[in-house]
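The values are calculated or read from the model by the stated rules, or taken from the named source; none is laboratory data. In this text, all values refer to a predicted model and were calculated from it rather than measured experimentally. These area figures cover heavy atoms from the full protein model, side chains too; ligands, DNA and RNA do not enter into them. Shrake-Rupley method; radii C 1.70, N 1.55, O 1.52, S 1.80 Å.
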Amino acid sequence: MKFSVDKHDKYVSLRLEETRFTNDNAPGLKSELYLLNAEGFKNIIVDLSHVTECNDAQDLSSLLVGDRLCKAAGGLFIVTGISDELATIIELSNIFQSVTFVNTIEEATDFIFMDELEKEFRGAK
């Protein structure tokens, strides 16, 4: 599985650099999400802008794992870069009811920083 990881203080972004999201590379994404969470990252952004094909909604279950890990750590899991082809299968899978989707990396980082500010304002860290 080809991907790139960009680590920051408050979040980490992971970009899948393959055009197909399949049962061959979904386990690799899931493993990387576990590793990043174990490193202490509670806010994770997954960029799927290179992905144009996903034939099985079951492959998207790795995104649910990331969402569960981040929520358990008190953070956010955000997916960005969804193509029209992916949007259809995401809608059919109802994964959008659990996972946060935004259009761009910038929106995702803004979302994370606003959440962190709100937590600081409320006194919860």
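Summary of computed values
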read-out	value
Largest-first principal axis extents of the Cα set of the chain (Å)	44, 25, 22
Nearby aspartates and glutamates by direct alpha-carbon distance to Lys71 (threshold 15 angstrom, same-chain neighbours under 8 apart not counted)	Asp115, Glu116
Solvent-accessible area, 1.4 Å probe, carbon plus sulfur percent, for segment 3-123	49
Contact order relative to length of the chain, as percent, for alpha carbon pairs under 8 angstrom and 6 or more apart	24
Å² per residue, accessible surface of the chain at 1.4 Å	55
